[in-house]
There are 4 protein chains.
Amino acid sequence: MTVPKKKGARNKSEILGATIELLESINYSSLTIEAVAARSSVGKTTIYRWWKHKSDLVFDAFIAKTETLFEFDLTKSTYENFVQQLLTLTSVLKSGIGRAVLTVVAEEKEIAAKFLNDYLTPRRVETKKILQAGVDKGEIQDNFDFGIILDMLYGPIYFKFILFNRIPDQAYIESLVTQVMKGIGLNNPLYLEE
Amino acid sequence: MTVPKKKGARNKSEILGATIELLESINYSSLTIEAVAARSSVGKTTIYRWWKHKSDLVFDAFIAKTETLFEFDLTKSTYENFVQQLLTLTSVLKSGIGRAVLTVVAEEKEIAAKFLNDYLTPRRVETKKILQAGVDKGEIQDNFDFGIILDMLYGPIYFKFILFNRIPDQAYIESLVTQVMKGIGLNNPLYLEE
Amino acid sequence: MTVPKKKGARNKSEILGATIELLESINYSSLTIEAVAARSSVGKTTIYRWWKHKSDLVFDAFIAKTETLFEFDLTKSTYENFVQQLLTLTSVLKSGIGRAVLTVVAEEKEIAAKFLNDYLTPRRVETKKILQAGVDKGEIQDNFDFGIILDMLYGPIYFKFILFNRIPDQAYIESLVTQVMKGIGLNNPLYLEE
Amino acid sequence: MTVPKKKGARNKSEILGATIELLESINYSSLTIEAVAARSSVGKTTIYRWWKHKSDLVFDAFIAKTETLFEFDLTKSTYENFVQQLLTLTSVLKSGIGRAVLTVVAEEKEIAAKFLNDYLTPRRVETKKILQAGVDKGEIQDNFDFGIILDMLYGPIYFKFILFNRIPDQAYIESLVTQVMKGIGLNNPLYLEE
DNA sequence: TCATAATCGAGACGGTACGTCCCGTCTTCCT
DNA sequence: AGGAAGACGGGACGTACCGTCTCGATTATGA
């Protein structure tokens with residue numbers, strides 16, 4: 001049973017929905033507040049009441065769309081978890097709102113900071129647990145910088161997407177994770193010798 | 001003796017210069033053609049004669065600024081060459097025009113394609129030579145995907161810059177290159193020493 | 001003993017008061033219902049309950065302010081009564097609400113009609129009694145159009161006020177009344193000769 | 001042969017024309033700059049480039065409409081000239097732009113001052129010549145205040161128009177002029193005949 | 001050497017969206 | 001239950017730039 005929302009909340013989610021929909025067909029800078037207002041049958045004032053800038057609106061729309069994604073399963077192997085995470089990431093990036101939020105983040109440092117704190121860092125904390133679990137299970141070494149490993153995993157995905165305009169496919173992701181794990185895995189010949 | 005440029009060429013470089021200067025203090029979307037025209041003492045018409053969109057102008061300004069960078073030295077080690085390359089990259093990103101061009105690339109697929117073809121791919125071809133030289137010198141293995149290795153090197157730099165708003169420092173870069181090379185290195189002295 | 005007003009009536013006069021006060025410092029078109037509501041500590045709804053338009057509100061405020069003025073004294077001479085009436089008129093016009101109501105009247109025919117019926121005509125009826133008393137006392141002739149004489153007395157006052165932005169002073173008023181009476185007085189040489 | 005106007009001037013007169021036309025069917029405060037722009041097929045910017053406020057635009061439109069009116073003929077009698085002048089005035093007031101400009105003048109002191117200096121005073125100077133000619137021809141006395149006489153002639157017209165919403169007809173005007181001249185006339189045939 | 005054309009700056013132009021103000025209505029919550 | 005408080009859809013405001021378009025003034029050449 002859906003709890004009936006108040007007017008305010010209902011409007012808010014309609015506005016975010018309209019934003020997401022519009023961004024499927026146009027890019028961020030072509031998105032106008034007036035179009036969002038029209039599509040969500042709302043006055044411009046209502047939008048400006050809650051979001052000071054277009055970038056805030058887009059950011060919130062992104063959060064609304066992605067808030068339930070990116071869970072992981074500690075019973076699976078480190079490798080499988082990473083592959084799963086990166087696949088989920090590509091599905092997010094694929095959407096119009098995904099590209100839009102990256103555009104904003106690339107341009108506005110304030111939004112970048114918000115994106116980092118509200119979105120990236122919490123997920124990064126969780127993701128480190130995958131690594132830690134891997135260490136605990138004896139799958140991987142423990143003498144490396146977690147941060148750099150994560151950057152080596154996530155960086156290439158964003159890199160391919162933004163600069164190559166290419167959504168990495170499963171094969172790429174598997175190769176990437178494999179390659180990264182070569183550098184930290186216990187089965188790395190380099191270390192097995194030690 | 002400086003070769004006297006024709007009016008057209010002189011104007012063109014003044015416009016590109018003005019664009020670069022303006023982007024040091026404002027961001028891409030705040031950059032207006034009118035401001036560029038005013039700062040370079042040129043009519044708007046003159047700018048539109050050569051560049052159809054603001055994004056083209058910014059892209060050309062970026063190319064103008066970076067065309068002489070990114071050479072490398074085959075006599076140095078693979079490791080040193082990569083560190084050098086990534087350091088040069090960070091110095092480019094640091095500038096206003098660097099961030100601006102990334103903003104455009106993140107948003108406009110056409111510019112992203114142009115950036116890829118005119119800028120990234122040529123450099124990538126060159127960079128692969130570093131890897132190949134490393135293989136030839138016996139520093140690294142030869143059974144891996146060059147593309148993924150490059151993504152693991154460059155991806156994290158762009159990733160840190162765009163999403164974390166942080167220019168990686170030398171220490172980070174050295175750790176990164178070291179970590180990547182762990183995945184592809186032979187038991188060469190550099191790594192065996194660890 | 002002051003009769004305690006009901007809530008409604010108390011609110012009503014506070015709203016009219018706020019309207020009058022605001023119009024001392026701003027002009028009619030800058031007056032907003034929201035400002036009136038704020039100043040009289042009342043919800044906008046309450047104002048709209050009683051007045052359909054801003055113009056109605058201003059009109060009522062004007063009536064409230066002027067309802068006790070403009071009495072005259074039949075024991076004085078015709079001349080003195082007219083001078084007194086015109087002086088009173090100038091004091092009304094001088095106030096912000098005075099100018100405001102004229103603005104409305106100049107623009108909205110409905111308000112002009114209301115102003116005529118509820119305000120001007122009753123006073124005009126009274127004023128004609130001054131003229132009639134003058135005739136009865138033998139001060140002035142009886143063969144003229146009362147309407148035109150009143151227009152010649154009042155018209156110039158409004159005319160000076162609206163078009164010249166000047167409040168006629170006592171000297172002007174005395175000259176005016178004198179000049180008008182020349183045309184109807186028994187002491188008019190033109191008629192004495194008859 | 002009509003001299004071809006430049007773009008600027010052509011636009012300007014189209015805008016003034018659109019303003020006049022719109023004011024025939026709506027009142028001043030309902031007139032929007034956007035509607036004027038739309039009707040004259042012009043961008044809002046173009047209107048704002050030349051007129052800072054709506055009131056300035058309306059004032060200029062009024063001037064444009066009336067600049068050729070109000071000439072008089074010294075060979076005719078004082079009486080005839082005045083009747084003619086007042087009839088012309090009523091025809092101006094009758095139009096939408098006439099009422100609109102009075103609305104503005106009633107509300108905005110700056111426009112009132114401009115109206116006075118640019119429009120009323122020049123005409124008043126001319127009109128005084130009618131009076132002076134009357135004195136010279138021996139039709140009227142010379143011992144009165146010209147200003148008050150003019151106020152007694154023009155005031156009632158504006159007064160009737162603004163407050164009674166009534167355009168004085170020829171009969172009214174003739175009565176008015178007759179009555180005013182009674183106060184200043186010599187025993188000339190025109191009046192002795194009565 | 002000069003007229004004749006090409007080029008360019010300046011900025012007016014029609015237009016779109018901005019972010020704000022206030023309208024008049026509607027909803028919520030407190031007294 | 002009534003009213004203040006204020007959210008709401010809406011319309012116009014006045015502004016900033018867009019990309020196009022005249023318009024002279026300035027070059028710059030080739031007759």
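The values are calculated or read from the model by the stated rules, or taken from the named source; none is laboratory data. Here the structure is a predicted model, which is why all the values come from computation and not from measurement. Using ideal geometry, Cβ is built from the backbone for each residue, glycine included, and neighbour counts are taken over all protein chains shown.
Quick notes on this structure:
- If you go through region A:131-146 and keep only what is more than 9 Å from chain B (Cβ to nearest Cβ), within 27 Å of residue B:154 (Cα to Cα) and free of Cβ contacts under 8 Å to residues at least 24 places away in the same chain, you end up with A:132, A:135, A:142, A:143, A:146.
- In summary, helices (runs of 4 or more DSSP H) completely within region B:126-194 and bearing 1 or more residues that are closer than 26 Å to residue B:99 by Cβ and at pLDDT below 95 occur at B:146-164, B:170-184.
- Of all the listed residues (A:65, A:109), the sole one being of a type in the set (Lys, Arg) and at the interface with chain B (Cβ under 9 Å from one of its Cβ atoms) is A:109.
- Residue D:78 more than 26 Å from residue D:149 (Cβ to Cβ) and in contact (Cβ under 8 Å) with a residue 60 or more places away in the chain: no
- For region D:82-109, a tally of residues being exposed (fewer than 15 other Cβ atoms within 10 Å of the Cβ) and touching a residue at least 40 places away in the same chain (Cβ under 8 Å) returns 1.
- Just so you know, in region C:7-16 the residues that are within 16 Å of DNA strand E (Cβ to nearest atom) and modelled with pLDDT under 90 include one that is surrounded by the most Cβ atoms within 10 Å (Cβ to Cβ), and it is C:11.
- Of the residues making up region C:23-46, just one is buried (at least 18 other Cβ atoms within 10 Å of the Cβ), free of Cβ contacts under 8 Å to residues at least 24 places away in the same chain and either within 26 Å of the chain's Cα centre (by Cα) or farther than 18 Å from residue C:62 by Cα (or both), namely C:36.
- Subset of region C:17-57 (residues that are away from DNA strand E (no atom under 12 Å from the Cβ) and either in a helix (DSSP H, G or I) or among the aromatic types (Phe, Trp, Tyr) (or both)): C:17, C:18, C:20, C:21, C:23, C:24, C:25, C:39
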